[in-house]
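Values in this text are rule-based calculations from the coordinates and carry no lab data. On a predicted model such as this, the values are computed, not experimentally measured, just so you know. Methodologically, a virtual Cβ is constructed for each residue, glycine included, from the backbone with ideal geometry; neighbour enumeration extends over all protein chains shown.
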Amino acid sequence: MSQASKVVDFIARLCLVLIFPFSALDKIINHQSAMAQAGHGLIALPPSLAALLLVLGGMLEVFGPVCILLDFYRRQAALLFVFYVIVTAVLFHNFWSFPFNSNEWSQNFWPFLKNFGLAGGFLYVAGCAGMTSLRDAFSLKPR
């Protein structure tokens, strides 16, 4: 891989993960709002489980981007993000519960699609941005 390709690859991964540390910071600053959202999703979570999942999600949002950017367990972190963004899309952006084209529908539909776009980007990262097998992504070997 040429030096220019490595730079472009890094910039693409940076663009993909840039949102997550800010999301983690928002969960800390607006903790009550995050707890309320976790408690009122598709499945209402009890406060203790919501708090645990917020902490785990926040940890992924802080450490996952570092792993992906530094190429340390990049594939494994990317697969965790695939699971994370799909689960959060389904649990917290359930647009189908609202009348079509209403304000609530729009506020949930676009973030739902955004999360699936992110899932595609993370699958691409997990596949090493190439057409290689994802089997290696499930190993415990770094990279």
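General remarks:
- Counted without the sites themselves, the longest stretch of the chain free of chymotrypsin sites (Phe, Trp or Tyr not before Pro) in a DSSP loop having at most 16 other beta carbon atoms within 10 Å is 1-71.
- Leu56/Ser2 FRET efficiency (R0 35 Å; Cβ-Cβ; nearest 0.05): 0.40
- Within the stretch 1-83, none of the trypsin sites (Lys or Arg not before Pro) combine a DSSP coil assignment with at most 12 other C-beta atoms in a 10 angstrom radius.
- FRET efficiency, Leu70 to Met35 (Cβ-Cβ, R0 30 Å, nearest 0.05): 0.45
- Directionally averaged projected area (the chain, Cα convex hull): 9.8 nm².
- The chain: DSSP helices with Cα axial extent of at least 27 Å and average Kyte-Doolittle hydropathy no lower than 0.5: 47-70
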